[in-house]
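If you scroll down you'll find the structure; I have some questions about it.
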Amino acid sequence: MKKVVRGVSTASLVILSACTLTSTVVAKQVEMKPQFVGTWQLLSGEYVDHNGELINYADLKLKSLKTINANHFSFITKSGDEFWSAGAGTYQVEGNLYIETPIHTSYKIPANQQYTFSFELKGDKWYSSRFDGKKRVEYEVWQRVIKNAE
């Protein structure tokens with residue numbers, strides 16, 4: 001009978017520890033998400049295209065707005081005065097990683113594609129980098145849009 005009680009106690013401790021760890025991780029995600037909630041304007045960026053060329057957003061005259069709420073993001077991007085791309089989906093924050101899972105996009109991506117960015121928030125600026133292995137393939141700087149005082 002004691003072995004069963006010990007087994008149950010050990011199992012209970014393992015379950016309790018797992019629940020505590022999970023709630024700590026979820027709490028940290030919830031803690032970080034409010035920092036992203038709002039509207040962001042793209043200031044600058046660059047990406048590596050399918051030919052391996054580094055493309056500066058300024059050369060493409062890219063302008064973009066991204067809106068983020070507690071669970072979802074959406075963005076629309078123009079090149080000059082022409083539509084460039086749009087997307088929307090869910091996101092999560094894990095430590096210093098911001099992870100987007102697009103649901104709707106104006107471009108083709110594999111199902112369940114995720115984009116993982118390391119980020120740094122400094123005041124009203126958001127700096128994000130996406131890597132493929134050790135190579136940085138995307139870098140963006142966003143600025144929080146502040147509502148004008150009326």
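Say we look at the range 40-56 and pick out the residues that are free of Cβ contacts under 8 Å to residues at least 60 places away in the same chain and not in a loop (DSSP other than H, G, I, E, B); which of these is farthest from Val137 (Cα to Cα)?
If we filter the range 40-56 for residues that are free of Cβ contacts under 8 Å to residues at least 60 places away in the same chain, which is where we start, we get 49-56.
Checking the rest, the ones that are also not in a loop (DSSP other than H, G, I, E, B) come to 54-56.
Values: Leu54: 8, Ile55: 10, Asn56: 12 Å.
Looking at residues that are free of Cβ contacts under 8 Å to residues at least 60 places away in the same chain and not in a loop (DSSP other than H, G, I, E, B), I get Asn56.
Considering only the range 59-66, I want to know if a residue exists there that is over 16 Å from the mean Cα position of the chain (by Cα), outside any strand (DSSP E or B) and of a type in the set (Asp, Glu).
Yes, that holds for at least one residue.
While we're looking at this one, here's another question. Test Lys122 against the stated conditions and say whether it is basic (Lys, Arg), exposed (fewer than 13 other Cβ atoms within 10 Å of the Cβ) and under 16 Å from Gly38 (Cα atoms).
On the way: basic (Lys, Arg): yes; exposed (fewer than 13 other Cβ atoms within 10 Å of the Cβ): yes; under 16 Å from Gly38 (Cα atoms): yes.
When the stated conditions are applied, Lys122 passes them.
Residues being charged (D, E, K, R) and more than 12 Å from the chain's Cα centre (by Cα): count how many of those fall in the range 86-139. Let's see the steps before the verdict.
Going residue by residue through the range 86-139, those that are charged (D, E, K, R) are 94, 100, 108, 120, 122, 124-125, 130, 132, 134-136, 138.
Add one more test, that the residue is more than 12 Å from the chain's Cα centre (by Cα), and what stays is 108, 122, 124-125, 132, 134-136, 138.
Of the residues in that region, 9 qualify.
For the range 101-117, state whether one or more residues are closer than 18 Å to Lys33 by Cβ and of a type in the set (Gly, Ala, Ser).
no
All of the numbers you see were taken from the coordinates with simple rules; none came from a lab. Fair warning: this is a prediction, and the values are worked out from it, not measured in the lab. Note: ideal-geometry Cβ built from the backbone for every residue, glycine included; neighbour counts use all protein chains shown.
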